[in-house]
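**Student:** The structure's right below; bear with me while I get my questions together.
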Protein chains: 4
Amino acid sequence: MLRVGVIGTGMIGQEHVRRLTTVLNGVTVTAVADVDAAVAAEVGGRAGATVHPAGEDLVADPAVDAVLVCCWGPAHEQYVLAAIAAGKPVFCEKPLAPTQEACLRIVEAEVAHGSRLVQVGYMRRFDFAHRQLKLVLDRGEIGTPLMMHCAHRNAGVPSFYQKEMAITDTAVHEIDMVRWMFGAEIAGVRVLVPRRNSHGGDLQDPLLLILEMTNGVLVDVETSVNIRYGYDIRGEIVGESGTASLGSLSPVAVRRDGRVEHPVPADWRARFLAAYDVELQEWVLAIAGGGAPPGPSAWDGYAAAVVSDAGVAALRTGERVAVSLAERPKLYAPGR
Amino acid sequence: MLRVGVIGTGMIGQEHVRRLTTVLNGVTVTAVADVDAAVAAEVGGRAGATVHPAGEDLVADPAVDAVLVCCWGPAHEQYVLAAIAAGKPVFCEKPLAPTQEACLRIVEAEVAHGSRLVQVGYMRRFDFAHRQLKLVLDRGEIGTPLMMHCAHRNAGVPSFYQKEMAITDTAVHEIDMVRWMFGAEIAGVRVLVPRRNSHGGDLQDPLLLILEMTNGVLVDVETSVNIRYGYDIRGEIVGESGTASLGSLSPVAVRRDGRVEHPVPADWRARFLAAYDVELQEWVLAIAGGGAPPGPSAWDGYAAAVVSDAGVAALRTGERVAVSLAERPKLYAPGR
Amino acid sequence: MLRVGVIGTGMIGQEHVRRLTTVLNGVTVTAVADVDAAVAAEVGGRAGATVHPAGEDLVADPAVDAVLVCCWGPAHEQYVLAAIAAGKPVFCEKPLAPTQEACLRIVEAEVAHGSRLVQVGYMRRFDFAHRQLKLVLDRGEIGTPLMMHCAHRNAGVPSFYQKEMAITDTAVHEIDMVRWMFGAEIAGVRVLVPRRNSHGGDLQDPLLLILEMTNGVLVDVETSVNIRYGYDIRGEIVGESGTASLGSLSPVAVRRDGRVEHPVPADWRARFLAAYDVELQEWVLAIAGGGAPPGPSAWDGYAAAVVSDAGVAALRTGERVAVSLAERPKLYAPGR
Amino acid sequence: MLRVGVIGTGMIGQEHVRRLTTVLNGVTVTAVADVDAAVAAEVGGRAGATVHPAGEDLVADPAVDAVLVCCWGPAHEQYVLAAIAAGKPVFCEKPLAPTQEACLRIVEAEVAHGSRLVQVGYMRRFDFAHRQLKLVLDRGEIGTPLMMHCAHRNAGVPSFYQKEMAITDTAVHEIDMVRWMFGAEIAGVRVLVPRRNSHGGDLQDPLLLILEMTNGVLVDVETSVNIRYGYDIRGEIVGESGTASLGSLSPVAVRRDGRVEHPVPADWRARFLAAYDVELQEWVLAIAGGGAPPGPSAWDGYAAAVVSDAGVAALRTGERVAVSLAERPKLYAPGR
């Protein structure tokens, strides 16, 4: 039974505590911490977990085998570094840290530690449809990949959503996904700006990101965050002799009122709930068995941050922005 | 230029005159006749055709190479027989005649004539999707056929629609289609009665017909004639190693309001307009070239009538009714 | 943490032990028993569970809160009755018992006990697509249901598969499903016999079952158990104003070699693995919370047995066979 | 009966002569001309048409009401100008002329003539699916359009195919289509270059064109001309509250070998044969009735040429290229 401590008991933290205590197997929540002591006490009480005054205390707790970092982004770095210092596996919600410099410090700390401890919460890699898509590609069913067309659509976004978030919060999932899908880095980014959706007020929405990968694969990503009709994640890989797409996952087809209807998920929960479950279950299994974290690494978190920064610059300048990554440490070599 | 005379200038007759004069190639309408002389005069005038007082006159007109019979069912026999007597090709809208006895008299007259002159207007055989389905079957892609599931759905029917018409007017299209699809006769019929659709008032709707074919293929046909959502023709053949279905023919997919929508045709026109065009164009081409009529024969019209009668008996008795056909004349042997 | 004892550690028992110990939450396996002591010892050892010499000992073990019966069918009755006698919740794999008489004895024992303890392992009710289908129906989106078309297809079956098993093992899932879907009993059964699939040797395959429900809904079920192309479960409910179908659940679409391809599951595992997980997880949650079993009851197991018997009789005689159920005890009233 | 003269009796000319004489209604071919007198004699002989030594003679023939220009591109201008000079309607296969300057001369000649005589052969506007897509858009079902994603895929191309032809021959169909679909001009073009498909040898294939429209709609067009799996035309319009896509037009679905298969057309004939028929039939109807040509105008042909040139420049330079059109004469005002 893996004993996990959860730092950050806000919305996403509570969701993960629920998942760990009522859905997943082989794991228990033994400790929680939050800057809001009252919320921490309530969540911890429900879970039968110790409530620590600070994240560092939680990391140091001998009843904590591994740490989940779910607090707000600016505090990720300190707790992830604390976990590395303690030699404890740590699952950190995305983004790994708000700046590429902070991400790089985490990478360096993990390299200094000498083995992988960090996993970042990009859950697409655990989604069944994305995994099947990668299988089709890796089996060579469509030949060498040349392009990928993606769309990331939200019915709506909250009022605090800024145009840069279309890259840093929305398209960042595609940024991580294509690096994993094609086993290559992103070399350059452009952002093209279509006519504005009036449902988003002054927000510059939608956008079309163009990602050039180091192996030549060209990726376009539509982000539409006020499209109303639902939450829709689309992807089609164009290979040399065919294409492979994310399927329609509609469990029912209804014929009425002059048409055949297939429901579209209302939001990311409906679409990716199972992926979140699989993501943490596989992490629990691997960590409990003494293995390395099975998902996106600190390097992946760093690379996503660098590409996001390039995307924001491309949006601001209207120009192509080259992506410049640090040299990748051997710890993160493919197949390791 | 094939010169055609049209007997019956009601709704379907006018539709065919429009088709022959403004859509099809290689054909002209030279004569019309109808019991309603005023309508005949108007339709004939528009088409630049001679208006005959009686169908027999039209058949005898030397400017008429071939005849279309579009009048009401009880009058089909006399005009088809007249055309056979005159040795002129005749296309007769379905049904060939209202009773199997009348149909058999036509068969016998054609056999006495010694070559095929008659085609009956079952247009499914000219529908692109049905033809592709037959191609898949005939190429052996799913192995020997064992079963077929069909549905024939109308949004609604007129108030004069009687329960027997679900067999004689609606399912009769499937009756002809499966005889053609599987190259076999129907040996027995059952009709099962589900819960009644309240949109149809007292009408016994829907029904489930069971057709047993002489080669063992078992066909089930749902007829739903008040289902409101649209006109929907479905079919799936179950073979030894796979199945083949009529595809969805939706030209567009619309994502809105929480779903993906594919439009369904509102009525048979939207679904089968092209099939009617192809049906008559191929008939014109064959007849103008001196060939035999390329579609359903008088024998097919007779067999459909016999199976319809058996279906009506099965509906009334609740029992399986065997189908008993006359011996098939050599004129109608397959491959002839 | 619910403590479960598992009677029967053959294939399905081992699968459930794996599920309970490595997938589900809030449950532990504390005891096992099997007629094969060596297998029981191995499975129990791996799970850290006590190995009992007999199922009755397992039921009596105070460290067992609830019982899973996974042994062969003829032994189901004795262990289910033992669990009822001990007042312990019991999940019994399908069928509840091999004869309707045995099933009825279990019903009577549970009624005598006075509250529900028994759940039978019909997992369709926990399948996401079937649940969504029921939601569409229950929300009235297609109006009152009138018919349902089902197909249950297997790529192949083992050599010991007998023609009656198409009803007792295969279609029995649809028998339970439609009773749940429409909230009604089955009143009569017919079995129609199409042309035989040569891949099945002498086996009478496929079949078309006709189920008449007490509320008038007419259900047809194709069973094809040698169809090679894959495992395919299809269902379309015909309502007064529309229809609702099980959707295509293909996670990917591949374009290659002249076509768009959507993969079909190879077998029931690929199709229903998640449904088995949900089935037992919801049972664990309900039982651990002191609630009634949330799935098919002993009455459902009994009704399935009676309908299966009628189906076998219908297959043998070629006639419609009426279904005659005992009076339903109040314990099993809907909404209770 | 409209009397048409066909200049150019090569492949496409013969195809149109076949269409005019054996498919369409209300039209006859009275004259042909070709630089290859032998071919002209053969084609003309079959059609019962006068064979003219030169296109100019054909245009002057009083038995020619309207002209089809199907010869090679460099000769289009002279015959279109000749028809305008003669005041005869002229249907010119695409491209209108090989240079934008030549196209502009045709525009100016037609403006000087004072009424529309010219139609250019962009047949997408007559394709049923594209028309339904435009209907959905024009009815406001998805709100104001913001983006469009297109793919134009060929299984393969002949060896003389050059990289610029991906724009001038392939994407030019999308260039015309989006101008019509969105009722706006194209303001700028970019061409992005993905990894090269090795099936195309040294050919730079695929490409991603980016078209910026004057109303802000951003269009991306994938051209893949060696993708082997088939001929596939895809399009999805992204609106403010939904999207609309070209549907799948598969007439059948086949289940076999572990998958559901929908056939994809092998080439443009299979996909667009009906669109060519509709294109010419509507032209015949309009011209025979004394109306203006109902399809793409000389202005549309000119605009396509200018955008193509910009696309070729964008491909060569790697930069965005602005599109600079002459002022649009009132003759081509929308709604005129």
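The values are calculated or read from the model by the stated rules, or taken from the named source; none is laboratory data. Quick caveat, the model's predicted, so the values are computed rather than measured. Backbone-built Cβ (ideal geometry, glycine too); neighbour counts: all protein chains shown. Just the protein is used for accessible areas: all its heavy atoms, side chains included, with ligands, DNA and RNA removed. Shrake-Rupley method; radii C 1.70, N 1.55, O 1.52, S 1.80 Å.
**Student:** Which residues, counting only those in the stretch A:176-230, are acidic (Asp, Glu) and under 19 Å from the mean Cα position of the chain (by Cα)? Write out each step before concluding.
**Tutor:** Within the stretch A:176-230, the first condition is being acidic (Asp, Glu), and the residues that meet it are A:176, A:185, A:202, A:205, A:212, A:220, A:222.
Within the stretch A:176-230, A:Asp176, A:Glu185, A:Asp220, A:Glu222 qualify.
**Student:** To continue, here is another question. Within the stretch A:6-31, track down each residue that is of a type outside the set (Lys, Arg), in a helix (DSSP H, G or I), touching a residue at least 40 places away in the same chain (Cβ under 8 Å) and under 19 Å from C:Val284 (Cα atoms).
**Tutor:** Hit for the stretch A:6-31 is A:Leu20, nothing else.
**Student:** Shifting gears a bit: Scan the stretch D:18-31 for residues that are within 14 Å of chain B (Cβ to nearest Cβ) and either within 18 Å of the chain's Cα centre (by Cα) or of a type in the set (S, T, N, Q) (or both) and jot them down. Quick ask: steps written out before the conclusion?
**Tutor:** Filtering the stretch D:18-31 for residues within 14 Å of chain B (Cβ to nearest Cβ) gives D:18-29.
Scanning the stretch D:18-31 gives D:Arg19, D:Thr21, D:Thr22, D:Asn25, D:Thr28.
**Student:** Please state which one of A:Ala97, A:Ala54 is surrounded by fewer than 16 Cβ atoms within 10 Å (Cβ to Cβ) and at pLDDT 95 or above. It would help to see each step written out before you state the result.
**Tutor:** On the way: A:Ala97 fails: surrounded by fewer than 16 Cβ atoms within 10 Å (Cβ to Cβ).
From the options A:Ala97, A:Ala54, the qualifying one is A:Ala54.
**Student:** Identify all residues within the stretch C:257-276 that are assigned to a helix (DSSP H, G or I) and either within 14 Å of chain D (Cβ to nearest Cβ) or open to solvent by 40 Å² or more (accessible area, probe 1.4 Å) (or both); write none if there are none.
**Tutor:** In the first step, residues of the stretch C:257-276 are kept if they are assigned to a helix (DSSP H, G or I); the result is C:268-276.
Result: C:Trp268, C:Arg269, C:Ala270, C:Arg271, C:Leu273, C:Ala274.
So that you can scan it fast, the table gives a plain yes or no per residue for (1) among the small types (Gly, Ala, Ser); (2) not assigned by TED's automatic domain parsing to the domain that holds C:Gly140:
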position	(1), (2)
C:Gly239	yes, no
C:Thr243	no, no
C:Glu282	no, yes
C:Ala286	yes, yes
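**Student:** Continuing with this model, one more query. Name the residue that is surrounded by the fewest Cβ atoms within 10 Å (Cβ to Cβ), counting only residues in the stretch C:1-23 that are within 18 Å of C:Lys94 (Cβ to Cβ) and out of contact with any strand residue (DSSP E or B) (no Cβ under 7 Å at 6 or more places or on another chain).
**Tutor:** It comes out as C:Met11.
**Student:** Then there is this: If C:Pro158 satisfies every condition in (1) farther than 19 Å from A:Val254 by Cβ; (2) touching a residue at least 12 places away in the same chain (Cβ under 8 Å); (3) away from chain B (no Cβ under 11 Å) but one, which is the exception?
**Tutor:** Status for C:Pro158: all satisfied but (2).
**Student:** So which residues in the stretch B:196-243 are among the polar types (S, T, N, Q), out of contact with any Lys or Arg (no Cβ under 6 Å at 6 or more places or on another chain) and open to solvent by less than 10 Å² (accessible area, probe 1.4 Å), if there are any at all? Walk me through it before giving the result.
**Tutor:** Within the stretch B:196-243, the first condition is being among the polar types (S, T, N, Q), and the residues that meet it are B:197-198, B:204, B:214-215, B:223-224, B:226, B:241, B:243.
So of that shortlist, the ones also out of contact with any Lys or Arg (no Cβ under 6 Å at 6 or more places or on another chain) come out as B:197-198, B:214-215, B:223, B:226.
Within the stretch B:196-243, B:Asn197, B:Thr223 meet the criteria.
**Student:** So A:Val43 fits all but one of (1) in contact (Cβ under 8 Å) with a residue 60 or more places away in the chain; (2) over 27 Å from A:Asp300 (Cα atoms); what number is the exception?
**Tutor:** The number of the failed condition is (1).
**Student:** Shifting gears a bit: May I ask you to say which residue of A:Thr243, A:Thr223 is at pLDDT 95 or above and farther than 30 Å from B:Leu249 by Cβ?
**Tutor:** A:Thr223
**Student:** Further question: Six or more apart or on different chains, Cβ under 6 Å: which pairs go from a residue in the stretch A:192-207 that's at positive phi to one that's part of a strand (DSSP E or B) and open to solvent by 30 Å² or more (accessible area, probe 1.4 Å)? Could you list them?
**Tutor:** none
**Student:** Here are some residues: C:Gln119, C:Gln132, C:Gln78. Which one is open to solvent by 30 Å² or more (accessible area, probe 1.4 Å), touching a helix residue (DSSP H, G or I) at 6+ places or on another chain (Cβ under 8 Å) and polar (S, T, N, Q)?
**Tutor:** Answer to the selection: C:Gln78.
**Student:** Quick one: is B:Met177 open to solvent by less than 10 Å² (accessible area, probe 1.4 Å) and within 11 Å of another protein chain (Cβ to nearest Cβ)? Please lay out each step first, then the result.
**Tutor:** Details: open to solvent by less than 10 Å² (accessible area, probe 1.4 Å): yes; within 11 Å of another protein chain (Cβ to nearest Cβ): no.
So B:Met177 fails the test.
**Student:** Any residue in the stretch A:135-152 that is within 9 Å of another protein chain (Cβ to nearest Cβ) sitting within a Cβ distance under 7 Å of a residue that is in a helix (DSSP H, G or I)? List the pairs, counting only those 6 or more apart or interchain.
**Tutor:** From the stretch A:135-152, the pairs are A:Ile142/A:Val136; A:Pro145/A:Leu137; A:Pro145/A:Phe182.
**Student:** Here is a check on your reading of the model: is A:Leu315 out of contact with any Gly (no Cβ under 8 Å at 6 or more places or on another chain), open to solvent by 40 Å² or more (accessible area, probe 1.4 Å) and away from chain C (no Cβ under 14 Å)? Steps first, answer last, please.
**Tutor:** Working: out of contact with any Gly (no Cβ under 8 Å at 6 or more places or on another chain): yes; open to solvent by 40 Å² or more (accessible area, probe 1.4 Å): no; away from chain C (no Cβ under 14 Å): yes.
Spelling it out, it is not the case that A:Leu315 is out of contact with any Gly (no Cβ under 8 Å at 6 or more places or on another chain), open to solvent by 40 Å² or more (accessible area, probe 1.4 Å) and away from chain C (no Cβ under 14 Å).
**Student:** Working carefully through the options A:Ala292, A:Ala304, find the one that is open to solvent by 30 Å² or more (accessible area, probe 1.4 Å) and either part of a loop (DSSP other than H, G, I, E, B) or more than 8 Å from chain C (Cβ to nearest Cβ) (or both). Before the answer, list the steps.
**Tutor:** Working: A:Ala304 fails: open to solvent by 30 Å² or more (accessible area, probe 1.4 Å).
Just one listed residue meets the conditions, A:Ala292.
**Student:** Here's something else I'd like to know. Take the stretch B:32-76 and flag every residue that is in contact with an Asp or Glu (Cβ under 8 Å, 6 or more places away or on another chain) and in a loop (DSSP other than H, G, I, E, B).
**Tutor:** Correct list: B:Cys70, B:Cys71.
**Student:** Moving on to the next point. Which of the residues spanning the stretch B:235-256 are facing another protein chain (nearest Cβ under 7 Å), part of a strand (DSSP E or B) and either more than 26 Å from C:Ser224 (Cβ to Cβ) or out of contact with any helix residue (DSSP H, G or I) (no Cβ under 7 Å at 6 or more places or on another chain) (or both)?
**Tutor:** B:Val238, B:Thr243, B:Ser245, B:Val252, B:Ala253, B:Val254, B:Arg255, B:Arg256 - these are the residues of the stretch B:235-256 that are facing another protein chain (nearest Cβ under 7 Å), part of a strand (DSSP E or B) and either more than 26 Å from C:Ser224 (Cβ to Cβ) or out of contact with any helix residue (DSSP H, G or I) (no Cβ under 7 Å at 6 or more places or on another chain) (or both).
**Student:** Taking the condition of being within 13 Å of chain A (Cβ to nearest Cβ) and among the hydroxyl-bearing types (Ser, Thr, Tyr), how many residues in the stretch C:117-134 meet it?
**Tutor:** Residues flagged as within 13 Å of chain A (Cβ to nearest Cβ) and among the hydroxyl-bearing types (Ser, Thr, Tyr) within the stretch C:117-134 amount to 0.
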